[in-house]
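The structure appears below as structure tokens.
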Amino acid sequence: MAAVLRDAYGLTVSTDSRAAVDHYDRGVRALLGFGADTVAAFEAAVSADPEFALARAGLAVSRYLNEEMAEGRAEMDRAVAAAQAPGLSARERRHVDALALWVGGRGNDAIPLIREILAEHPRDMMLIQRLYYIHFWQGRSAEMLELIESVRGGALDGDSYMLGLHAFSLEENGRYAEALPLAERAVGMNPKDAWAVHAIAHVLYETGENDRGAEALPPRIHPCDHLSYFRNHLLWHLALMHLAEGRYDRAAALFRSVFGRLPIEVSADLQDSVSLAWRLDLFEHPDPERWRHLGAVARNRQCVECLDLLAWLRFKLHDVAGAIEAERRAIAAWPYESAPRRLLGHMSELVRAGEKG
Ligand SMILES: [Fe+2]
């Protein structure tokens, strides 16, 4: 009988391929650390064992996070099919079901299922991280902290990713004095733990320690050498610290070096670049070149946020008809059943502006 294989967190996984599990562990770590090789690691796991349902689900999640929605959902369909095979544990089946709900845009429905699974398997880091970010994007800071406190402890105390998750949730709840040493401990254990570096950035910014932050961040960002877009987000934090201290040239230089020529492939880059350009405008250091670049990027993309931004840029240029058309495309590109109030609100504002002439 083949030996039962376990993932890096000690959970049994249904595959006979040790190589597939190793690649899967690498994928999970990359997801936890915003690694550039997340998709590649899960792909390697799937090619080592095409029937490995959890690896397919991990691949689906990472494609979805890369905003390859259709590919992510198609991969998740394959994961759900693979999870029907006899011999899979109830944990694995429910794990795939929970991630399938999330990839299907049903994060709220995934919450109780993930909680149920974690009550029995509190070391399922894939699900811990997903639920954490569901709460994060819903602005539910108390729930983020409560989640981490419910699963932390025991062997997970030795895991930098767990400490980083805990540190950031403490920070989001205003518990800065506890958050900072915990985040520093995580980075000490694992200098590539980008989420812990992020917690440090947030604490120092929120507590007004911008000079300390501007000094602390670069040597902490540097070792995170396999970061994807999250590097830009950390550098964006650095730019905010320079801005807060009136070092506008440093902030403008960071805009140029980080976002100035970036093709911008995920929405996070767009949000950060737009918000930095906007802040530089507010601080009276405008540069039309920034908006030209961002407008060109938005025009070439079909993502909802880009089209929404394009509508706003067109409106700023007094092209209301073009703005309405871009907003119409943003609403049409929304991947779920009904467009959010935010987009519909923008559209009605534009239509009102059009009627006023
Ligand atoms: Fe941040």
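Since every read-out is calculated from the coordinates, none of them should be taken as a lab result. Computed from a predicted model, the values in this text were never measured in an experiment. Backbone-built Cβ (ideal geometry, glycine too); neighbour counts: all protein chains shown.
Things worth noting here:
- Placing unit charges on the Cβ atoms only, positive for Lys and Arg and negative for Asp and Glu, gives the chain a dipole magnitude near 520 debye about its Cα centre.
- With eigenvalues of the C-alpha gyration tensor scaled by 5 and rooted, the chain, Å: 36, 27, 18
- Compared with the dominant principal axis of the Cα atoms in the chain, helix 230-244 is inclined by about 40°.
- Of the residues Cys224, Cys303, the one with the fewest other Cβ atoms within 10 Å heads the list, and the complete ranking is Cys303, Cys224.
- Burial ordering of Trp334, Trp195, fewest other beta-carbon atoms within 10 Å first: Trp334, Trp195
- Mean separation of Cα contacts under 8 Å (6+ apart) over length of region 139-228, as relative contact order %: 24 percent
- For the Cα trace of region 125-188, dividing Rg by the Kirkwood Rh returns an Rg/Rh value of 0.94.
- Computed Kirkwood radius, in angstrom, where 1/r is averaged over Cα pairs of region 139-228: 13.0 Å
- Within a Gaussian network of the chain (alpha carbon springs, distance under 10 Å), most fluctuating of Gly153, Gly107, Gly345: Gly345
- Length-normalised contact order for the chain - Cα pairs under 8 Å, 6+ apart - percent: 9 percent
- Highest-MSF residue in the chain out of Asp124, Asp319, Asp159 [GNM, Cα springs under 10 Å]: Asp319
- Across region 1-136, the convex hull enclosing all Cα atoms gives 96 Å³ per residue.
- Trypsin sites (Lys or Arg not before Pro) within region 164-208: DSSP coil, no more than 16 neighbouring Cβ in 10 Å: Arg175
- Ordering Phe34, Phe52 by the number of other Cβ atoms within 10 Å of each residue's own Cβ, fewest first, gives Phe34, Phe52.
- Highest-first arrangement of 161-173, 59-71, where packing means the average Cβ count within 10 Å: 161-173, 59-71
- The GNM of the chain, with springs linking C-alpha atoms under 10 angstrom apart, assigns the highest mean-square fluctuation among Asp25, Asp281, Asp308 to Asp281.
- The relative contact order of region 157-291 comes to 17 percent, based on Cα pairs under 8 Å that sit 6 or more residues apart.
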